[in-house]
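Notes follow once the structure below has been shown.
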Amino acid sequence: MKIAFFDTKPYDMPGFDHYAAGTDLEIKYFETKLNEDTVSLAAGFDGVCVFVNDTVNETVVNKLYEMGVKVIALRCAGFNNVDTRACFGKIHVFRVPAYSPYAVAEHAMALLLTVNRKTHKAYNRTREFNFSLSGLSGFDLHGKTVGIIGTGKIGQIFADICRGFGMKILAYDKFPNPNTGLDYVDLPELFTKSDIISLHCPLTDETHHLINEESIAMMKQGVVLLNTSRGGLVDTEALIQGIKSGKVRGACLDVYEEEGDLFYEDYSSNVVQDDTLVRLIAMPNVIVTSHQAFLTEEALNNIAETTVDNLVKFFNDVPNPDREVCYHCSRKNDCQKERHKKCF
């Protein structure tokens, strides 16, 4: 079984080579992202493996299907970049639901601590032997209220970390989990009462620009916003205006809604053409990391192991419902199959 592996980075290959050894999988790595211009590279392959910034829209799906591609393996949890409706009945889609929720939750806290205590500024100062403390004051996390939007595994672990700091927790989820012990509230209450807001929900039509001009207006003066989920959850222009007005005290962004052509690449010798991103990075109370929250040794290992397992099970006709992404399964009234069987 031949697999075209798109958007390859050096840290991807060792794990996948290790877990694919001894299987019937033959992997060919491509540095380019999968999109309408590059989909022809998948000709002659049985499956493709894609990441968060690959574009698997209806046009790409139809071309993959015409070329005989049978499976799309996402090496990530989110699947908003895949048109699952176009895939249904043609190409099976699998993901990695939980590679390391600790990695993402810990990165979110690292960003919060950094923007609050300004350790990034202190680091740059002391390298120049500037030991002034002017402008480096932060605030105690203890006793502050953090609003967590999305209480899946990552959101729950982030809540546990916040508890360790003595923070009060408010939570929102479209499908609240009564077993978490979290205090669930509606979104307006979370916005108005939280000192810090952290996003851990998927990007859907419903959550697109969840953070916008209206929601920011409801927030506390001096709120800190964290986003380690998907860039499209935040209306970037509205966020910039909130920062400029002082409504938003700080922003920690591991994702950006227009990151596709920028993140994971080195543009240090180029003039970046995205003026919005340039404005964000220039702001002293904004920290941007390049979608690296997942990047731990444990997570990379789990991603490779699970993705290879997804592909092996598929080609051996072993049902894998817990990891299969199906348009009809996401719409419960449309699902006519039993969960131990394939989607189609």
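The values are calculated or read from the model by the stated rules, or taken from the named source; none is laboratory data. Computed from a prediction, not measured in an experiment: that's the story for all the values here. Don't worry about glycine lacking a Cβ; one is built from the backbone with ideal geometry, like all the others, and counts go over all protein chains shown. Accessible surface areas use protein heavy atoms only, side chains included; no ligands, DNA or RNA. Shrake-Rupley method; radii C 1.70, N 1.55, O 1.52, S 1.80 Å.
Please count how many residues of segment 222-266 are open to solvent by 10 Å² or more (accessible area, probe 1.4 Å), of a type in the set (Gly, Ala, Ser), in contact (Cβ under 8 Å) with a residue 24 or more places away in the chain and more than 13 Å from residue 212 (Cα to Cα).
Residues meeting the conditions: 4.
How many residues does segment 236-253 hold that are under 22 Å from residue 170 (Cβ atoms) and either of a type in the set (A, V, I, L, M, F, W, C) or in a loop (DSSP other than H, G, I, E, B) (or both)?
7
If you check every pair at least six apart or on different chains, which have Cβ atoms under 8 Å apart with a residue in segment 190-217 that is among the small types (Gly, Ala, Ser) first and a residue that is open to solvent by 50 Å² or more (accessible area, probe 1.4 Å) and in a loop (DSSP other than H, G, I, E, B) second?
194/220
Enumerate the strands (runs of 3 or more DSSP E) found wholly within segment 21-77, keeping only those where 2 or more residues are at pLDDT 95 or above, surrounded by fewer than 23 Cβ atoms within 10 Å (Cβ to Cβ) and at positive phi.
Strands (runs of 3 or more DSSP E) meeting the threshold: none at all.
Tell me, please, whether a residue that is within 27 Å of residue 214 (Cα to Cα), among the basic types (Lys, Arg), outside any loop (DSSP other than H, G, I, E, B) and modelled with pLDDT of 95 or more can be found in segment 310-325.
no
Confirm whether residue 303 is in a helix (DSSP H, G or I), at negative phi and free of Cβ contacts under 8 Å to residues at least 60 places away in the same chain.
no
So, in segment 23-78, how many residues would count as being in contact (Cβ under 8 Å) with a residue 40 or more places away in the chain and farther than 27 Å from residue 318 by Cβ?
Of the residues in segment 23-78, 3 are in contact (Cβ under 8 Å) with a residue 40 or more places away in the chain and farther than 27 Å from residue 318 by Cβ.
What number of residues within segment 94-118 satisfy the criterion of being among the basic types (Lys, Arg) and in contact (Cβ under 8 Å) with a residue 40 or more places away in the chain?
Taking segment 94-118 and keeping what is among the basic types (Lys, Arg), we get 95, 117-118.
Of the ones still in play, those that are also in contact (Cβ under 8 Å) with a residue 40 or more places away in the chain are 95.
Qualifying residue count for the region: 1.
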